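Asks: The structure that follows is given in the form of structure tokens.
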Amino acid sequence: MKKAFELNLKIIVVINKIDKPYARVREVIEKTNNLFLELATRDEQLEFPILYAFGREGKAFKDMPADFNQPGDITPLLEAILEYIPAPNNKDAGSFKMLVSSLDYNPHQGRSVIGKIFRGSVKPGDRIVLSSNNKSYSIETVQLSRGLGRYETEQALAGDIVALTGIGQAQIGDTITNSADTTPLPAPKLTEPTLHMTIGANTSPFSAREGQFTTSRQLEDRLIKELETNLSLKLEKLESGKFKMSGKGELHLAILLETIRREGYEMEVGKPEVIVKMIADVKQEPVEEVSIIVPSEYLGTITQEIGKRLGQLIKMEPISAAEIEFIYHLPTRNIIGLRSLLLTATKGTAVFSSQVIGYQPVGNPLPKLRRGVLISSETGEALAYGLANAQGRGITFVDPGTSVYEGMIVGVNAKEEDIEINVTKGKKLTNMRSQASDGVIQLTPATIMSLEQSLDFLEGDELLEITPQSLRLRKKHLTNIDRRRHSRSSQSK
């Protein structure tokens, strides 16, 4: 909404699912009006049409219908777009000019640059100039969209949204023109990354067992390919053979990791960390506005959890008889792991969203909120007898029959410190029999975490091993001796 107002775009409000038994149309209109009042920068932005729809049946209405079974279609919405949204002011006459707004990649045709033609026309074979480097290129193909696909055309005119191939070095925000007029169009401002993490080839004892692409070179090639279309992603090669990957947030990085994991890549990643900037000779960190909507019964839970993370309450108000909305300001580093925690604490009923609103001087460090972990002391196969002993100390992450290695995290401790435990230990076989010793071992099912939850769980001395089949938490230093040496060297420094 803020971006739309900055660009002075017209907005049409469509209230969907009005036929649902818990629809709150009046409340939604009131909330929408308040939102426009908060964000609008011009008086005319407060005037907007409202339509009512239930999209499953493809019906939209200008006024709230009394009978949901009456005939209807989507025509009122289309008419509102034609009436309220101004037509593009592009001109067919004049030299060709287009602003690159998106990128795509095809293994056969290479990179495609996508945008709306601002002026003139374009056809295959035309010579154009890229504003970022003033180099000349030849257009190979001109493609228009049809449904979810594209088709090649002989010519595209002003106002058309086209995909052009043959311009390999274009980036979002570049202007494509012909040689007659190389003045660039105003470029959009890209959101800067707020989080970074280290990523590298998998170095665990189980590396190259489950993935198809396991080397550092293969991972580097894949990440460089991602940079062609993922403009918010930044990549820096480190001396250790690993990479520092920066993104717009925790979810942005988690989606990328899940995508390349499904493509057959193995990797290991470290704890996500906030990108700190020097502004006016002061170290500053990003701050986000967090909006949380939960049932009223979880009011105390939200207040307690956000209080631990030093959140500043901006607004708290009921949005219905059963739900409350909270708005907080929190540093980005204190938000890491918060979404998963609140979803668990509220049984999946919390609605969580956040956006970066600026920077502030780096505050006090956040106290450790997580307890210690259970570390496997042996390599082998987890057995029920060993897991029963581990569950006496805390919660386990693995089931019987799961392969583990020394230094792998197999659970979370009930206390603050990390402890080593042998989950591969089996019961001794003897000739003695008793009802007490021969009882059936009953285990609590293992806690299985998603990729995003696993990233939230990490501490600074831990890594997440990611393969197409498994997610394994581990210590950076696998053996007890190596961990002690590293601890002593860190203390001496």
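Every read-out reported here was derived from the displayed coordinates using simple, explicitly stated rules and does not represent laboratory data. Predicted model only: the values in this text are computed from it and were never measured. Neighbour counts run over all protein chains shown; Cβ positions are idealised from the backbone, glycine included.
Asks: Counting pairs of alpha carbon atoms under 8 Å apart in space and at least six apart in sequence, what relative contact order in percent does the chain give?
Replies: Values: 921 pairs, mean separation 47.7, N = 493.
That works out to 10 percent.
Asks: Another question, if that's okay. Can you compute 3J(HN,Hα) from phi for each residue in the range 350-367, using the Karplus curve 6.51 cos²θ - 1.76 cosθ + 1.60 with θ = phi - 60°, rounded to whole Hz and x for Gly and Pro?
Replies: Values per residue, Gly and Pro as x: 6, 10, 10, 8, 8, 8, 6, 10, x, 10, 9, x, 4, x, 5, x, 6, x Hz.
Asks: What residues have an amide H closer than 5 Å to that of Val142, excluding those fewer than 5 places away on the same chain, when H is modeled at 1.01 Å from N in the peptide plane?
Replies: Thr153
Asks: Follow-up. Sequence gap at least 6, Cα distance under 8 Å: using those rules, report the relative contact order of the range 139-224 to the nearest whole percent.
Replies: Details: 61 pairs, mean separation 14.9, N = 86.
With pairs under 8 Å counted, the relative contact order is 17 percent.
Asks: Right, another one. Please give every one of the aspartates and glutamates within straight-line cross-link reach of Lys17, meaning a C-alpha to C-alpha distance under 18 Å, and leave out same-chain neighbours fewer than 8 residues apart.
Replies: Straight-line reach from Lys17, under 18 Å: Glu27, Glu30, Glu57, Asp63, Asp67, Asp73.
Asks: Rounding to the nearest 10 and keeping the result within 0 to 90°, find how far the Cα-based axis of helix 480-492 lies from the longest principal axis of the chain.
Replies: Relative to the chain, helix 480-492 is tipped by roughly 70 degrees.
Asks: Do any trypsin sites (Lys or Arg not before Pro) in the range 80-156 lie in a loop, going by DSSP, with at most 15 other beta-carbon atoms within 10 Å of their beta carbon, and if so which? Numbers along the way, then the final one.
Replies: Numbers: sites: Lys91, Lys97, Arg111, Lys116, Arg119, Arg127, Lys135, Arg146, Arg150; in loops: Lys135.
Answer in residue order: Lys135.
Asks: Something else now. Per DSSP H run of at least 4 residues, take -39500 (n - 2.57); add these up for the chain, divide by its residues and hand me the 222 nm value, nearest 500 deg cm²/dmol.
Replies: Values: 11 runs with 105 residues, N = 493.
Computed ellipticity for the chain at 222 nm equals -6000 deg cm²/dmol.
Asks: Please list, by residue number, every one of the GluC sites (Glu not before Pro) in the range 1-77 that is coil in DSSP and has at most 14 other beta-carbon atoms within 10 Å.
Replies: Glu47
Asks: Past 30 Å, Cα to Cα: identify those pairs from Lys189/Lys475; Lys31/Lys97; Lys277/Lys315; Lys59/Lys97; Lys271/Lys428, in the order given.
Replies: Checking Cα-Cα distances, Lys189/Lys475; Lys31/Lys97; Lys59/Lys97; Lys271/Lys428 exceed 30 Å.
Asks: If I fit a long axis through the Cα atoms of helix 216-227 and take the longest principal axis of the Cα atoms of the chain, what angle between them do I get, 0 to 90°, rounded to 10?
Replies: For 216-227 against the chain, the angle is about 30 degrees.
Asks: Okay, moving on. Just to confirm the number: angle between the C-alpha axis of helix 25-39 and the first principal axis of the chain, 0 to 90 degrees, nearest 10?
Replies: 80 degrees
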